[in-house]
Amino acid sequence: MIIALNNKSNLTKEEFIEYQKQLSSIQALSSKIILCPTSTYLALYNLNNIELGAQNVSKDEIGAHTGEIAATQLASLNVKYCIVGHSERRQELKESSEDTNKKIKNLFSKNITPILCVGETKEEKELGKTTSLIKEQLMIAIKDLSEDEKNNIVIAYEPIWSIGTGLIPTIKDIEEVLSLIKEILPNAKCLYGGSANDQNIDYLKTSNLIDGYLLGGLSLKPEKLQIFIEKAEN
Ligand code: 13P
């Protein structure tokens, strides 16, 4: 199982150092835990029990792109995974599926595994557009990838209405989306993200299609995270 921690824009430098100390005692039996800190803290990473991921990458290569971080630079920091197309970036920064396609190619060229986020808004769900929208997000993002790349990409289904709200979809709804993703990408690992926590994990883990989780709020609470991991692995 993969459990990826998306810290988003949280923690000051001092808080991150303390947080990382707490994470150093996190134990997992069989799961791969991936920490995606705010980019300013990537160079402070010093954990043996957890791998390093980033929250974003430039769609351009190294060069004159003020404020961006290129895949080459992430690789030089030992980043092994990178979130791409998070809904907060799609909504706040107008990141398009075409952008995610460029980012995914840049990452693979530096041996960094992309974690592509897909998901629908509440309105899109109510209009019955979930699967067609996710198919569109996915098809554009994986355009021209090699078979090997398609086998190794990680997809995170994150319904936008579920992020930070305490609401989660039914297993039936999650499985409808994950089945679609697995039809298109039979070997890709599929994560669920959106208000996953140490309480609802008992319900979420009843699905055989979920290969792991992308955690936002819970990533910042190491004690609850440990409980989550133990329940998810059981
Ligand atoms: P929450 O777990 O806080 O709902 O965030 C999910 C998320 O957006 C992870 O990328």
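The values are calculated or read from the model by the stated rules, or taken from the named source; none is laboratory data. A quick note: this is a predicted structure, and the numbers were derived from the prediction, not measured. Glycine also receives a Cβ, built like all others from the backbone with ideal geometry; neighbour counts cover every protein chain displayed. Protein only, heavy atoms only, side chains kept; ligands, DNA and RNA dropped before computing areas. Shrake-Rupley method; radii C 1.70, N 1.55, O 1.52, S 1.80 Å.
Scanning region 36-85 for residues that are at positive phi and among the small types (Gly, Ala, Ser) gives GLY63, GLY67, GLY85.
As a summary of the residue check, LEU178 satisfies the conditions (1) crowded, with 20+ Cβ neighbours inside 10 Å; (2) not in a helix (DSSP H, G or I) except for the one numbered (2).
PRO222 passes every criterion in (1) open to solvent by 70 Å² or more (accessible area, probe 1.4 Å); (2) over 23 Å from ARG90 (Cβ atoms) apart from (1). State all residues of region 188-206 that are of a type outside the set (Lys, Arg), more than 10 Å from the ligand (Cβ to nearest atom) and open to solvent by 10 Å² or more (accessible area, probe 1.4 Å); if no residue qualifies, say none. Within region 188-206, ASP198, GLN199, ASN200, ASP202, TYR203, THR206 qualify. The condition (being farther than 14 Å from VAL79 by Cβ and not charged (D, E, K, R)) is satisfied by just one residue among SER39, SER25, SER58: SER25. Which ones in region 26-43 are among the β-branched types (Val, Ile, Thr) and either open to solvent by 80 Å² or more (accessible area, probe 1.4 Å) or in contact with a Pro (Cβ under 6 Å, 6 or more places away or on another chain) (or both)? Within region 26-43, just THR40 meets the criteria. A single member of LYS59, LYS80, LYS8 is within 16 Å of the ligand (Cβ to nearest atom) and in contact (Cβ under 8 Å) with a residue 12 or more places away in the chain, and it is LYS8. Of all the criteria given as (1) outside any loop (DSSP other than H, G, I, E, B); (2) open to solvent by less than 40 Å² (accessible area, probe 1.4 Å), the one not satisfied by GLU95 is (1). Quick check on my filter: what residues within region 102-148 are of a type in the set (A, V, I, L, M), part of a loop (DSSP other than H, G, I, E, B) and open to solvent by 50 Å² or more (accessible area, probe 1.4 Å)? Scanning region 102-148 gives a single hit, LEU127. The single condition from (1) surrounded by 14 or more Cβ atoms within 10 Å (Cβ to Cβ); (2) within 18 Å of the chain's Cα centre (by Cα); (3) within 16 Å of the ligand (Cβ to nearest atom) that GLY164 fails is (1).
Annotation: VAL79 fulfils all but one of (1) touching a strand residue (DSSP E or B) at 6+ places or on another chain (Cβ under 6 Å); (2) open to solvent by 80 Å² or more (accessible area, probe 1.4 Å); (3) not aromatic (Phe, Trp, Tyr); the unmet one is (2). Restricting region 44-70 to residues that are aliphatic (A, V, I, L, M) and out of contact with any Leu (no Cβ under 7 Å at 6 or more places or on another chain) leaves a set whose member that is surrounded by the fewest Cβ atoms within 10 Å (Cβ to Cβ) is ALA64. Residues in region 11-37 that are more than 16 Å from the ligand (Cβ to nearest atom) and assigned to a helix (DSSP H, G or I): LYS13, GLU14, GLU15, PHE16, ILE17, GLU18, GLN20, LYS21, GLN22, LEU23. Just one of the listed residues (ALA156, ALA196) is within 17 Å of the chain's Cα centre (by Cα) and assigned to a strand (DSSP E or B), namely ALA156.
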